[in-house]
Amino acid sequence: MQAEELVVRTSKFSGKQVPRFESLRYSAVHGRQGPSLDHPIVWRYERLGLPVLIVRETHGWRRIRDPHGDEVWVQARMLSQQRRSLIVRDAVLRADADASSKPIAELKAGALLDLIGCTETACQISVDRTSGWVDPLDIWGAEPETSGL
């Protein structure tokens with residue numbers, strides 16, 4: 001996420017919190033310059049399940065920020081509420097939330113994982129039927145204060 005602090009509010013369009021994380025519902029999603037089909041396509045995402053941050057909403061459209069910090073408009077129906085996260089640097093999956101707990105696996109940068117939830121110091125994830133804990137700094141797609149654990 002970019003360095004600036006985002007103000008959390010409730011959208012009048014969806015009734016949901018903005019900003020919030022969702023993920024791409026399809027393996028091909030067009031990002032547009034503005035919130036309508038009349039605006040040119042400026043980006044094509046080709047990663048099913050990629051977590052994105054919704055930073056603004058209009059009727060039927062969401063302005064998203066991707067893991068690289070780029071922002072585009074996508075149709076709301078192209079997004080899923082499924083909680084996903086992206087490993088942003090090589091990381092260790094641990095048995096417990098404690099950073100000194102037993103390592104279970106090594107995770108490579110770029111891996112997509114199912115996000116279960118986060119505390120202030122660790123996020124619980126699931127990958128290939130194995131669940132464990134990672135440092136929140138190692139992933140994109142989670143905010144500890146809004147995760148639900």
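The values are calculated or read from the model by the stated rules, or taken from the named source; none is laboratory data. From a predicted model like this one, the values you see are computed outputs, not experimental measurements. As a convention, Cβ positions derive from the backbone with ideal geometry for all residues, glycine included, and neighbour counts pool all protein chains shown. Accessible surface areas use protein heavy atoms only, side chains included; no ligands, DNA or RNA. Shrake-Rupley method; radii C 1.70, N 1.55, O 1.52, S 1.80 Å.
Close amide-amide hydrogen proximity is noted between V88 and G110, I139, W140, each under 5 Å apart and 5 or more residues distant or on a separate chain (H modeled in the peptide plane; Pro and chain starts excluded).
Remark: the chain carries 57 Å² of accessible area per residue (probe radius 1.4 Å; ligands, DNA and RNA excluded). The GluC sites (Glu not before Pro) found in the range 29-130 that occupy coil by DSSP, while having at most 15 further C-beta atoms within 10 Å, are E46, E120. Of the residues R20, R89, ranked by 1.4 Å probe accessible area with the largest first, the sequence reads R89, R20.
The phi-based Karplus calculation (6.51 cos²θ - 1.76 cosθ + 1.60; θ = phi - 60°) puts the 3J(HN,Hα) values of the range 50-62 at 4, x, 9, 9, 7, 10, 7, 9, 9, 4, x, 9, 10 Hz, whole numbers, x for Gly and Pro.
Rounded, prolate or oblate: which fits the range 78-120, taking a ≥ b ≥ c as square roots of the Cα gyration tensor eigenvalues, rounded meaning a/c under 1.5, else prolate when a/b beats b/c? Here the range 78-120 falls in the oblate category. For the range 101-106, putting each phi into the Karplus relation 6.51 cos²θ - 1.76 cosθ + 1.60 with θ = phi - 60° gives couplings of 6, 4, x, 9, 7, 9 Hz, in residue order, rounded to whole numbers and with x for Gly and Pro. Ignoring ligands, DNA and RNA, what percent of the 1.4 Å accessible area of the chain is carbon and sulfur? Here carbon and sulfur together make up 48 percent of the probe-accessible area. Each residue of the range 124-129 was assigned a 3J(HN,Hα) from its phi angle through the Karplus expression (A = 6.51, B = -1.76, C = 1.60, θ = phi - 60°), giving 8, 10, 9, 8, 6, 6 Hz with x at Gly and Pro. Applying 0.36 nm per residue to the separation of F13 and W43 and subtracting their alpha-carbon distance, the gain on full extension is 8.4 nm.
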